[in-house]
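The values are calculated or read from the model by the stated rules, or taken from the named source; none is laboratory data. Keep in mind that what you see is a predicted model, and the values were worked out from it rather than measured. Heads up, the Cβs are rebuilt from the backbone with ideal geometry, glycines too, and the neighbour counts pull from every protein chain shown.
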Amino acid sequence: MFTVLIIVHVIVSLILIALVLLQPGEGKGLSETFGGGVAESILGSKANSFLIKATGVMAAVFFVICVTLTIMTAGRSRSLLENESIVTEESQKIQAAEPEPSQDEPTQK
């Protein structure tokens with residue numbers, strides 16, 4: 001379920017990006033750069049209205065998926081402190097493997 005939701009989230013994100021880029025802006029930005037009026041030629045004369053509504057719907061879907069993924073991830077996550085005993089055991093093994101400096105040798109300060 002989690003993997004499917006991640007895949008849907010990526011697809012919705014890409015669609016949302018495309019919808020935002022297709023909308024004509026104040027300066028006719030990126031939508032005019034790639035052939036001008038492509039959205040109108042594909043979607044007809046009411047393309048601007050459709051793009052605005054579709055962007056709103058995709059933004060709402062994106063938001064709902066984000067909140068859902070956050071809730072699902074909160075249940076799955078583990079604290080790093082739970083694994084502290086494992087880290088402590090490994091550090092003790094490393095320290096045991098290293099030879100202790102002898103007292104005859106001068107230590108560097």
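For segment 48-87, give me each residue that is modelled with pLDDT under 65 and either surrounded by 10 or more Cβ atoms within 10 Å (Cβ to Cβ) or not in a helix (DSSP H, G or I) (or both).
Selection gives SER77, ARG78, SER79, ASN83, GLU84, VAL87.
Only one of (1) at pLDDT below 70; (2) loosely packed, with under 10 Cβ neighbours inside 10 Å fails for ALA96. Which number is that?
Tallying (1) at pLDDT below 70; (2) loosely packed, with under 10 Cβ neighbours inside 10 Å, ALA96 fails exactly one: (1).
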